[in-house]
Amino acid sequence: MQGVSAPVPAIAKPIVMIGSGGIVHDAHLPAYRKAQFPVAALVDVNQDKAIALAGEFAIPFATDSIAAAVSYAPAGSIFDVAVPAKVISSILPQLPDGAAVLIQKPMGETLAEAVEILRICRAKRLTAAINFQLRWSPNMLAARALHATGVIGEVHDMEVAVSVHMPWALWSFLNTAPRLEILYHSIHYVDLIRSWFGNPLGVYARTVKSPRTPALAATKSVIIFDYGEGKRVFLTANHSHDFDPKMQRSYVQWEGMTGAMRAQMGVNLNYPEGKPDNLHYIVAGSGGWCEAPVSGNWFPDAFIGSMGSLQRYVQGEDGTLPTSVEDAIDTMRTVEAAYISSKRGSISLPEIE
């Protein structure tokens, strides 16, 4: 099996980047440079920051004004909005009606905010997708391709396990966020699980604070997804495991009727430097685990796929937009259900005589 590449358009449209935070510096812009997607303009409330980042990536126009960037943007530009979730709904109305927009996850901080974002997108006729880029990580694409061959059979078991140290201090806006781990990190895994199994019948969840970082909102979670009899689907995430990295882990595992796959998400290990992604698989009777070819890492390569998918859809090269706001609202519904489940609490032990 050859390495699988992310979807890219035949001819890339220019991009207007709104936001210049760490994720833009570390992932968006390196991905676009690697894929040769042209970035026409960069906007940030801190104009000096915008100018500095534009200089680093040879972007011709930098400003602190969305209106100025819209005026400057070449016809047909794609807008890439990478800002804190709470301000998304204030930025979208400033974009041209009918524009194509890639919106950084999460789709708001609450389901109510997500619904408002969906309303704005519909009212303005935006072709809008949420940047759930894990779907396009090279090892996740390879897992899809391997599954499509039929060698592992019908998938009935999927687990996501993350036990790492995440340096949350890198994102100052998260210091006071009322929701943290599920909304800003495990949402990727929620979306990935939905991409394999669709919407769950329900979820059981518990998200808790770490006593080692009491000032932060919950950074540890367990979510069980109900997909009916015969399927076990869950994720467990602990972002406060700050010990010897030897026992840290970050993987997605699928089990089918005739085989299994495990994909390491290296970016979570020693973040932000990370370790390589990979994909291993085993087929019943084959004699052992094998390594599949993987052409890149989640950061930055998956960001090629999320932007490439939107560009191909806009240009008619693909008939579906996998992470459109119409689909992403169901990921936000699932996240909201997890928070509701966590609040409702556990079942007490039954009494006996």
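Kindly indicate whether any position in segment 79-87 is among the aromatic types (F, W, Y) and in contact with a strand residue (DSSP E or B) (Cβ under 7 Å, 6 or more places away or on another chain). Yes: segment 79-87 contains one or more residues that are among the aromatic types (F, W, Y) and in contact with a strand residue (DSSP E or B) (Cβ under 7 Å, 6 or more places away or on another chain).
Flag: P14 does not match the condition of being surrounded by fewer than 15 Cβ atoms within 10 Å (Cβ to Cβ), of a type outside the set (D, E) and modelled with pLDDT of 95 or more.
Selection of first residues in segment 71-83 that are of a type outside the set (S, T, Y) and of second residues that are assigned to a loop (DSSP other than H, G, I, E, B), restricted to Cβ pairs under 6 Å at least 6 apart or on distinct chains, gives the following pairs, ordered by first then second residue: P74/P14; G76/K13; I78/K13; F79/L95; F79/A99; A82/G19; A82/Q104; V83/G19. Considering only segment 86-111, how many residues are in contact with an Asp or Glu (Cβ under 9 Å, 6 or more places away or on another chain) and farther than 14 Å from T331 by Cβ? Number of matching residues: 5.
Can D64 be described as acidic (D, E), surrounded by 14 or more Cβ atoms within 10 Å (Cβ to Cβ), at pLDDT 95 or above and over 30 Å from R333 (Cβ atoms)? In short, yes.
Exactly one residue among I347, I329 is over 29 Å from I15 (Cβ atoms), out of contact with any Pro (no Cβ under 7 Å at 6 or more places or on another chain) and of a type outside the set (F, W, Y), and that residue is I347.
Of all the numbered requirements in (1) under 30 Å from L201 (Cα atoms); (2) in the same structural domain as A145 (by TED's automatic domain parsing); (3) surrounded by 16 or more Cβ atoms within 10 Å (Cβ to Cβ), V294 misses one, and that requirement is (1). Looking only at residues in segment 95-123 that are in a loop (DSSP other than H, G, I, E, B) and without any contact (Cβ under 8 Å) to a residue 40 or more places away in the chain, the one that is farthest from Q315 (Cα to Cα) is L95.
Here T213 fulfils each of the conditions (1) more than 22 Å from A328 (Cβ to Cβ); (2) in contact with a strand residue (DSSP E or B) (Cβ under 8 Å, 6 or more places away or on another chain); (3) modelled with pLDDT of 95 or more apart from (3). Filter segment 21-43 down to the residues that are touching a strand residue (DSSP E or B) at 6+ places or on another chain (Cβ under 8 Å) and assigned to a loop (DSSP other than H, G, I, E, B) and list them by number. F37, P38, listed by residue number.
The values are calculated or read from the model by the stated rules, or taken from the named source; none is laboratory data. Please read these numbers as outputs of a predicted model, since none were measured by experiment. Because the Cβ atoms are built from the backbone with ideal geometry, glycine has one as well, and the counts that use them run over all protein chains shown.
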